[in-house]
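Here the structure comes first, spelled out in structure tokens, and everything after it is commentary.
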Amino acid sequence: MIYSESTRHYFEHPASAGAATGVDWFRGEAGSRERGIWVQFDLQVPSADRGGTVRSVRFLAFACPHVVAVCQWLAEQAIGRPADVRLPESVQAVRARFEVPLEKLGRLLIVEDAWAAAAGAAILRRNA
Amino acid sequence: MPVTPAVRYLDYAATTPVAPEVALRMSECLSAHGEFGNPSSANHDFGIRAAGQVESARAQVAACVGAEPAEVVWTSGATEANNLAIFGIAHYYRGSGKHIVTARTEHKSVLDCCRELERRGWQVTYLTPGPEGVLEPEQIAEALLPQTVLVSVMHINNELGTIQDIAAIAAVCARSHQARLHVDAAQSVGKIRLDFASLGVDLLSLSAHKAYGPKGAGALVVCRRRAVQLAPLMHGGGQERSLRPGTIATHQVVGMGAAFALAHAESPGETERLRALRERLWQGLGALGGVWRNGDPLRSVPHILNVSFEGVEGESLVADVGVRIAVSTGSACTSAQREPSYVLRALGRDERLAESSLRFSLGRYSSSADVDAAIDAMTRSVKRLRGISGA
């Protein structure tokens, strides 16, 4: 398979890969390894920050290069912004950005689900 | 092997480069100063000289596999040879029966022929080899029916390297009154000694480009002693006893003949050299942990190693190592579909492990430096991807 330059770049440099836990960390995951794609996000949203700003993101992905690249890009985009269950761009726009084949659209929805689960947990704590 | 400076080639089971000696012989058949004539033009010297080259090549191929030159029918490759064998037998003997026996782990060019025959009313029994890819002769015996006209089994599995016991399978087929045995030997030449005359095989498919010959050349060896008959797939000329009409590509078959002559002369030391390189590769990969060797190492050709890697996603693995080493996932013909290897799935590997399996295949120009580079590339990629996936 031929990958776009962006996909190749983010896939080869997943600086945010990993996991983190702690009092200000919120986790969300989706998919399953058995089904061939699994994604987990850990978002650090300090409780002292009234605006719920994301300070750091870590992710794990048992997934294809497109998904790994999108996860890394998301991790970079989220820092400094308020936690939001929505992606910075629509799934279709992300698909176009990384030239993800149409048959992989379902994989991007799993990324979106994992992201929404992590961000949702952070928002829930903020609103509590 | 100078493919590109950065990428090491470990995909010799997919194809091999044309040997320099072979390329030279081929080029001599192309230009005005060489044997460019039509080998069917028996009325002038150009054609006669070209025909002589074609027959010399036929003798070289026959000698390499222990057959008679008259038993060699030129084709465009092993895929066409498989088509000619399967459809040729099925149609010629359709009055005797419409049952075929084959294995789930055969090459697509055999399986797709069988599926097409099923659509046309034939019955096909697909056998499942044992977990290491070995087909037991008893399985063939149990599958044979009075109306079985063909058994098609590959000599060496292209993904695993597993060697089937063709002589034993042939003995089983011989007990049937009409089942002919076709063997796809595309991966065999230069790797394991073949003796068509003593194996008891009726039809043997051969490929040039797996043995340092050109792509687009192959042959079907048809046993004359047992008077095997075939219905042709194409019509339009009398070449190749009307089994494969069309002007013979002199340069292609001369290249195949030269490549097979080189393979025939290759020393047994080359087999041991490749086996040692393969085991060095396996030792290096095994150190990673969570790796599985697919196939039976005691019954495999020396140059193929198929390994599954736990905890890494298949497509990412291929994408990551592909910038450093050239290897295959599944067979080359099905890789574009990004489906787990049907061969490994047929042998019971789970879908995830089958997806994260790679075939490494070594060849004449492989070196210990290539193997060490592959170990290094795989170690880096597997560790990196396991880190990303949290495995």
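Throughout, read-outs are computed from the coordinates displayed, never taken from laboratory work. Keep in mind the model is a prediction, meaning the values are calculated, not measured. Here the Cβ is made from the backbone with ideal geometry for all residues, glycine too, and neighbour counts use every protein chain on show.
Summary table
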item: Antiparallel %, DSSP beta bridges [both residues in the stretch B:20-265], to 5; result: 35 percent
item: Computed over the protein assembly as shown, Cα set: Rg, Dmax in Å; result: 27.5, 98
item: Surrounding net charge for B:T379, when Lys and Arg each add one and Asp and Glu each subtract one, Cβ distance under 12 Å; result: +2
item: Contact order relative to length of chain B, as percent, for alpha carbon pairs under 8 angstrom and 6 or more apart; result: 23 percent
item: Amide hydrogen neighbours beyond the local backbone of B:V151, cut-off 5 Å, H modeled; result: B:V101, B:R180, B:L181, B:H182
item: Size of charge dipole - chain B - debye, nearest 20, with Cβ of Lys, Arg +1 and Asp, Glu -1, no other charges; result: 240 debye
item: Rough spin-label spacing in nm, given labels placed 7 Å along Cα→Cβ, for B:R94 and A:Q92; result: 5.1 nm
item: Ranking of B:M26, B:M154, B:M256 by count of other Cβ atoms within 10 Å, fewest first; result: B:M26, B:M154, B:M256
item: Stokes-Einstein diffusion coefficient of chain A, Kirkwood radius over Cα pairs, 4 °C, 1.567 mPa s, in µm²/s; result: 90 µm²/s
item: Shielding of B:314-321 by partner chains, average beta-carbon count, 10 Å; result: 5
item: Of the DSSP H helices in chain B, those whose Cα atoms cover at least 18 Å axially and whose Kyte score averages 1.0 or more; result: none
item: 5 angstrom amide H check on B:G37, placed H, neighbours 5+ away; result: B:A50
item: At R0 = 60 Å, FRET efficiency that the Cβ-Cβ distance of B:R225 and A:R81 yields, to 0.05; result: 0.15
item: Percentage relative contact order, the stretch A:42-88, counting C-alpha pairs under 8 Å, at least six apart; result: 37 percent
item: Residue-wise HN-Hα coupling along the stretch A:106-120, computed from phi with Karplus coefficients 6.51, -1.76, 1.60 (Hz; x: Gly, Pro); result: x, 5, 5, 5, 5, 4, 4, 5, 5, 5, 4, 5, 5, 5, x
item: Under-5 Å amide H pairs with B:V124, H placed in peptide plane, nonlocal only; result: B:I100
item: Count, lysine Cα pairs under 19 Å in the protein assembly as shown, 8 or more residues apart or across chains; result: 4
item: Cα→Cβ-extended label distance, 7 Å offset, between B:A391 and B:E132, nm; result: 2.5 nm
item: Whole-Hz couplings from phi, Karplus 6.51/-1.76/1.60, listed for the stretch B:351-356; x for Gly and Pro; result: 4, 5, 5, 5, 5, 9
item: The stretch B:135-262: proportion of alpha-carbon pairs further apart than 22 angstrom, %; result: 43 percent
item: Chain B: C-alpha gyration tensor shape, a/c 1.5 cut-off, then a/b vs b/c; result: oblate
item: Hz values of 3J(HN,Hα) by residue in the stretch A:122-128 - Karplus curve (6.51, -1.76, 1.60), Gly and Pro given as x; result: 5, 5, 4, 5, 5, 7, 6
